[in-house]
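So the structure is just underneath, and the comments pick up after that.
Nothing in this text is a laboratory measurement; each read-out follows from the coordinates by a stated rule. What you see is a predicted model, and the numbers here were worked out from it, not measured in a lab. Note that each Cβ is placed from the backbone with ideal geometry, even for glycine, and that neighbours are counted across all protein chains shown.
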Amino acid sequence: MRVPFMAGNWKMNLLKDEAVSLARSVVEAAGGSGVEVGVAPVFTCIPAVAEVLAGSEVRLIAQNIHWEDSGAFTGEISAPMIKDAGCTHVIIGHSERRQFFGETDETVNKKLKSAFSHGLIPIACIGETLGEREAEKTFAVIERQTRGAMAGVGEADARKIVIAYEPVWAIGTGKTATPDQAQEVHAYIRKLLAELYGADVAEGIRLQYGGSVKPANVKELMSMPDVDGALVGGAALTAENFGPIVRYKV
Ligand code: PEP
């Protein structure tokens, strides 16, 4: 049984007081929700949010890491550093990082390996652009990104990964993939994972959908057999929206 996992990606938003107040609401919403919940604040808010989440089940997620542990990489932060700050999870290869900060399948793979080597659970993001979907390259892109991300990742680590399918054309645009579109790609990702690690491992890996998830569409998306959670951007920034997403089952 895959426990649904709802993660809020706060991106480059919220100052400390706002982050603390939202984190408190998320802890409240998560109680009795029957799903796993996590939030990804900006780095500077991680210590304050860690205090709020202490003793709760809500996961603390970093938005990015460098693949090296330390060194001359001005402006970067590493897996042991975010772990030291209390994070248990890390988002890797978000499309905004691929688009604006030059991340590639290769850097995603290095970051995944660093996360695993420090006992962090990665949420690896993959997804096609609108141009790629219109050119009917969706499955080719998803295959390249999945195989690239997982290259050299062993079965024991693969069992722990969370993969977020986030069609780039649906992120922050208000345009959501239909439940059938999401399911089609999720089933394809699971098939790829089965080829790489066997059906048993693939069946246990959680696949989140991301792209304009909101209270109005969460139930329908979550009713799909291979949609195991959501990575939520805009709607994760307010308790009014993220609360009902977290509590979609209640
Ligand atoms: C995201 O950033 O991962 C995302 C899915 O954003 P939004 O929910 O705003 O589309």
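A cut-off under 15 angstrom between Cβ atoms defines the neighbours of residue 69, and their net charge, with Lys, Arg +1 and Asp, Glu -1, is +1.
Just to confirm a number: summing +1 for Lys and Arg and -1 for Asp and Glu over residues other than residue 119 whose beta-carbon lies under 15 angstrom from that of residue 119, what do you get? Spell out each step's value before the answer.
On the way: positive: 59, 83, 111, 113, 159, 160; negative: 69, 84, 157.
Every neighbour counted, the sum reads +3.
Amide H to amide H distances under 5 Å link residue 121 with 89, 90, where only residues 5 or more positions off or on other chains count and H is placed in the peptide plane.
Could you please report the charge total around residue 206, scoring K, R as +1 and D, E as -1 over all other residues with beta-carbon less than 9 angstrom from its beta-carbon? Don't skip to the end; give the middle numbers.
Details: positive: 2; negative: 36, 228.
Combined, the nearby Lys, Arg, Asp and Glu give -1.
Exposure proxy ranking for 232, 141, 20, 58, based on other Cβ atoms within 10 angstrom of each Cβ and starting from the fewest, stands as 20, 141, 58, 232. When 132, 155 are arranged by Cβ crowding within 10 Å, least crowded first, meaning fewest neighbours, the order is 155, 132. From least to most packed, judged by other beta carbons within 10 angstrom and beginning with the fewest, 238, 176 follow the order 238, 176.
Too long at a 24 Å Cα-Cα cut-off: which of 137/219; 137/249; 83/160; 160/191; 137/214; 110/219? Please report the intermediate quantities before stating the final value.
Details: 137/219 28 Å; 137/249 34 Å; 83/160 16 Å; 160/191 17 Å; 137/214 27 Å; 110/219 34 Å.
Pairs exceeding the cut-off: 137/219; 137/249; 137/214; 110/219.
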